[in-house]
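Notes follow the structure.
The values are calculated or read from the model by the stated rules, or taken from the named source; none is laboratory data. Fair warning: this is a prediction, and the values are worked out from it, not measured in the lab. Neighbour counts run over all protein chains shown; Cβ positions are idealised from the backbone, glycine included. Ligands, DNA and RNA are excluded from the accessible area calculation, which covers all protein heavy atoms including side chains. Shrake-Rupley method; radii C 1.70, N 1.55, O 1.52, S 1.80 Å.
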Amino acid sequence: MLLSSSSGITMIVMYIVIFGAIIYFMMIRPQNKQKKETEELHASMQAGDSVLTTSGFYGVIIDIMDDTVIVEFGNNHNCRIPMTKNAIQAVEKPNLAKTAEEEE
């Protein structure tokens with residue numbers, strides 16, 4: 001009787017450990033990786049970089065403050081909108097684009 005009770009508890013513990021590992025590798029680890037990449041992206045932003053916002057607008061960074069970025073949209077130089085850094089989805093460095101064209 002004691003042996004079967006002990007093995008039942010062992011099986012439950014094993015299932016919990018396996019389920020925890022699956023949750024970690026399928027949900028928590030990719031989310032932390034994506035958060036780290038986003039933080040690196042925001043840290044590398046500079047004035048003059050072309051950006052894509054989360055709402056789908058393309059613009060150019062004019063000024064960067066602590067958590068706020070001023071982005072200029074379109075050819076109209078009067079259309080400058082302040083937004084949080086979290087609203088920036090992708091950054092394209094103008095210097096890197098020129099370097100890639102020169103190598104070809």
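Within region 85-98, if we keep just the residues that are of a type outside the set (D, E, K, R), open to solvent by less than 100 Å² (accessible area, probe 1.4 Å) and over 15 Å from ILE62 (Cβ atoms), the residue that is modelled with the highest pLDDT turns out to be ALA90. Taking the criterion of being hydroxyl-bearing (Ser, Thr, Tyr) and open to solvent by 100 Å² or more (accessible area, probe 1.4 Å), the only residue of region 28-66 that qualifies is TYR58.
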